[in-house]
1. Quick one: how many residues across segment 36-65 are assigned to a loop (DSSP other than H, G, I, E, B) and of a type in the set (A, V, I, L, M, F, W, C)?
2. Look through segment 40-61, keep the residues that are small (Gly, Ala, Ser) and farther than 20 Å from residue 22 by Cβ, and return whichever of them is nearest to the chain's Cα centre (by Cα).
3. Starting from segment 24-48, keep only residues that are surrounded by 10 or more Cβ atoms within 10 Å (Cβ to Cβ), then list their pairs with residues that are outside any loop (DSSP other than H, G, I, E, B) whose Cβ atoms are within a distance under 8 Å, requiring at least 6 positions of separation or different chains.
Amino acid sequence: MSTPSSHVSAGDADSAAEVAKIDVVRGTPTEEEVAALIAAVSDAYMHETSEAVAEEPHVSAWRQTQRGLRRPLRRDIPWGRYFG
């Protein structure tokens, strides 16, 4: 059984665009029970989304000025007079 989701009262005009569809699998809930469920779920959702903001990672000054690694030294080329 599905609760009707097409009617919205005049007091809910601002939330008319956000109509939720609820499918009831067992039992026959009253309108008050469905309203309490919607209120509890939407409150939990709003609480979770307010805390779900990802923090910006802290980048230290050392990391900001960090350059890429240099190329490896070539051991086959002698340096100055010293080789071998």
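1. Residues of segment 36-65 that are assigned to a loop (DSSP other than H, G, I, E, B), as a first pass: 52-60, 65.
If we keep only those that are of a type in the set (A, V, I, L, M, F, W, C) too, we end up with 52-54, 59.
Here the count works out to 4.
2. Kept after step one, since they are small (Gly, Ala, Ser), are these residues of segment 40-61: 40, 42, 44, 50, 52, 54, 60-61.
Remaining after also requiring farther than 20 Å from residue 22 by Cβ: 50, 52, 54, 60-61.
Details: 50: 10, 52: 6, 54: 8, 60: 25, 61: 28 Å.
So the residue we want is 52.
3. Close Cβ pairs satisfying both conditions: 24/2; 29/37.
Read-outs: derived from the displayed coordinates by stated rules, not from any lab. Since this is a predicted model, take the numbers as computed values, not measurements. Virtual Cβ from ideal backbone geometry, glycine too; neighbours counted across all protein chains shown.
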